[in-house]
Amino acid sequence: MTPYTSGENDLFDGPYLGGYMDDHGAGGSLTISGRRAGPRWGPAGEDQNRVYFYTIFPNLLLSLHPD
């Protein structure tokens, strides 16, 4: 649905790892149907089309989607 090379990591040091990936879903979402599950929220601009993934070691994963 979206290429994994479309973003980059912005946290490397310490017990954190993560960054963003551009959302290229046909309907603007990474849902199975490709359609948004709800209204977009959060910041405007290019962040409106990004998904953020962060790992806080040893076992917490945050997956922040704009919808």
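The values are calculated or read from the model by the stated rules, or taken from the named source; none is laboratory data. This structure is a prediction, so every number in the text was calculated from the model and none was measured. Note that we place each Cβ from the backbone using ideal geometry, even for glycine, and neighbour counts take in every protein chain shown. Protein only, heavy atoms only, side chains kept; ligands, DNA and RNA dropped before computing areas. Shrake-Rupley method; radii C 1.70, N 1.55, O 1.52, S 1.80 Å.
What pairs can you find where one residue is in the range 6-19 and open to solvent by less than 80 Å² (accessible area, probe 1.4 Å), the other is modelled with pLDDT under 85 and of a type in the set (D, E, K, R), and their Cβ atoms are less than 8 Å apart, with a gap of 6+ or different chains? Short answer, once both residue conditions are applied: Ser6/Asp22; Gly7/Asp22; Gly7/Arg50. The set of residues in the range 8-27 that are modelled with pLDDT of 85 or more and in a loop (DSSP other than H, G, I, E, B) comprises Gly14, Pro15. Considering (1) surrounded by 12 or more Cβ atoms within 10 Å (Cβ to Cβ); (2) outside any strand (DSSP E or B), the lone condition that Ala37 does not fulfil carries the number (1).
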